[in-house]
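Taking it in order: structure first as structure tokens, then the write-up.
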Amino acid sequence: MPLHPPPSVKNWTSLAGAMIAIISVFMIVFLFAVTAIFGAQAAYLGLVVYILLPAVMIFGLILIPLGMWLKVRREHRAGSRPEPGWPQIDLNKPDHRSAAFIFVVGATILLFASAIGSYEAFHYTESVAFCGTLCHRVMEPEYVAHQDSPHARVACVGCHVGPGVDWYVRSKLSGMYQVYAVLTGIYPRPIPTPIENLRPARDVCEQCHWPQKFYAYTYRAQSHYLPDENNTRWDIGLTLKVGAPHAADAFAEGIHWHINPQVRIEYHARDEKREEIDWVRYTNLDTGEVKLYRNAAFAGDGEEAAGEVRTMDCIDCHNRPSHRYRSPSEFVDTALAEGAMPTDLPWIKAATVPLCAQEFATIEEALPELRAGVLAYYREKHPEILAQREQDIEQAIAGFQAAFRENIFPYMNARWSAYPEHIGHMVFNGCVRCHISGFETEAGEPIRTDCEGCHLISSQGTPGSIEVAPMGESLEFRHPTDIDEAWKEVPCADCHEGLLP
């Protein structure tokens, strides 16, 4: 059937719209074929194929009827066409049949393509590449940390959005402001945490980790290196009491007792980072027993109402489950343990870790400064080592720079010190925000502060002289350097702060 488009379509606006739409369609088909056949994946390619080009195509399609309407309007004003009224469809007329045929076929193809495109656009906007690499400079710290986390195979939306349409819509609405903030450059550096209005952890975390699941004791071995001439290695093995020793005991003891469905733990935080705790309230949901442990350090100052009362859930301890920025001491230890930095290079830990206390504007500025700092250390303090082992020093610098890049992001001011972590108690107070002397009930009952409640020290010491505890027992902690009994008197984080072993 020959096509006879209506005369009104013959105008430059409609022609331009048709050309824009046709070119957009060909580009979409071509780029989609590239991604499907060759497996090409890129954040910006997905943005172009599933969002930008469809928007341009729709713009072109809108121009076609707009041009027709403008032409009819101009002809009416010139007197060459009667006043336009409501459209009249008469399929006995060839131009009407052609217009109807074009509309039906075009609409069918557009709807079919829109369904596929909408589906792909939905999945693209839910992808890790979209979340982590589209706004590269802003999200680079979170993306890099996520790739090195236990949740690297879990998509961002799995935790930040979770299942359900309502939270998906909320996330997209909040994302509109985030796009505006990125485009205008008004985003904060670093991005503040904890995130406001985040979905409750139990709605998302418990899709994989539910309270009734049994978590047995876990053994964790860690190697630390002292900042001395020999980079003395200090090994410690902890048996973490994640749950009870037997599955039948369920939540009778262990770290995950805090999420026991039979109890509710609430606490009052005085600050936005939830580092300063006023009180902790324990409620036994079976018996109705309630215990309120108040922190003597904040008693009687009248500021309790200024903070936040929270019911404890996963995020109150695992507050950096997928975006950990390791402290300099920790990431240098890791680089030494995996061989990225030679452990037999004298003083290398002492030469590198303190340099991380500096603040830089960009990573491009930081890397040469780090190299210069290490070389200056050896040049000034140990010139004989620099002369004899220059190649090993360069290897150590390369390993140090690589570890730095994965954990410190100068442009966004994202570093370990900006994001306190609530697991453990070495670099940050973590557990000892609550489990420290000073919390007690009105009757004088203290909150539990003994180390064995959470872990047993199964082994400790330097290679060749490791102490080992009998099965089920714990060694008394022995500090790698002689500080007498000071480690018993102050929290670890008061001294370490990420820059000490």
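No value in this document is a laboratory result; all are computed from the given coordinates. Here the structure is a predicted model, which means the values were calculated and not measured. Counting neighbours? That spans all protein chains shown, and the Cβs are built from the backbone with ideal geometry, glycine included.
Structure summary
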quantity: Lysine pairs with alpha-carbon atoms under 22 Å apart, the chain, spacing 8 or more or separate chains; calculated: 6
quantity: Helix 165-184 axis, angle to the chain major axis (alpha carbon atoms, nearest 10°); calculated: 90 degrees
quantity: Largest-first principal axis extents of the Cα set of the stretch 368-418 (Å); calculated: 38, 18, 16
quantity: Residue-span extension gain [residue 55 to residue 228] - 0.36 nm each, minus C-alpha spacing; calculated: 56.1 nm
quantity: Where a label projected 7 Å from the Cα of residue 167 along Cα→Cβ would reach, residues of the stretch 174-214 with amide N under 12 Å; calculated: 198-208
quantity: Computed FRET value (nearest 0.05) for residue 402 with residue 246, which takes r as the C-beta separation and R₀ as 56 Å; calculated: 0.85
quantity: Helix axis angle, 12-37 relative to the chain longest principal axis, alpha carbon, degrees; calculated: 40 degrees
quantity: The chain, helix-only ellipticity at 222 nm - DSSP H runs n ≥ 4, -39,500 (n - 2.57), divided by all residues, nearest 500; calculated: -12500 deg cm²/dmol
quantity: Convex hull volume of the stretch 376-494 per residue (C-alpha atoms, cubic angstrom); calculated: 201 Å³
quantity: Packing-based order for 104-112, 238-246, using average beta carbon neighbours within 10 Å, highest first; calculated: 238-246, 104-112
quantity: Mean Cβ neighbour count within 10 Å, used as a protection proxy, ranking 184-193, 476-485 highest first; calculated: 184-193, 476-485
quantity: Sites residue 284 and residue 451 - FRET efficiency at Förster radius 25 Å, r taken between beta-carbons, to 0.05; calculated: 0.50
quantity: Packing-based ranking, highest mean first, of 457-469, 426-438, 124-136 given that Cβ atoms within 10 Å are counted; calculated: 426-438, 124-136, 457-469
quantity: Scattering curve values for the stretch 129-198, log₁₀ I(q)/I(0), Debye with Cα scatterers, q = 0.18 Å⁻¹; calculated: -0.80
quantity: Listed values [x] 28.2; [y] 26.1; [z] 22.7, entry calculated as Kirkwood radius over Cα pairs in Å; calculated: [x]
quantity: Footprinting exposure proxy for 417, 327 (fewest neighbouring C-beta atoms within 10 Å first); calculated: 417, 327
quantity: Separation of the residue 495 and residue 107 label points, Cα + 7 Å toward Cβ, nm; calculated: 7.8 nm
quantity: Convex hull volume per residue for the stretch 165-284, taking Cα atoms only, in Å³; calculated: 207 Å³
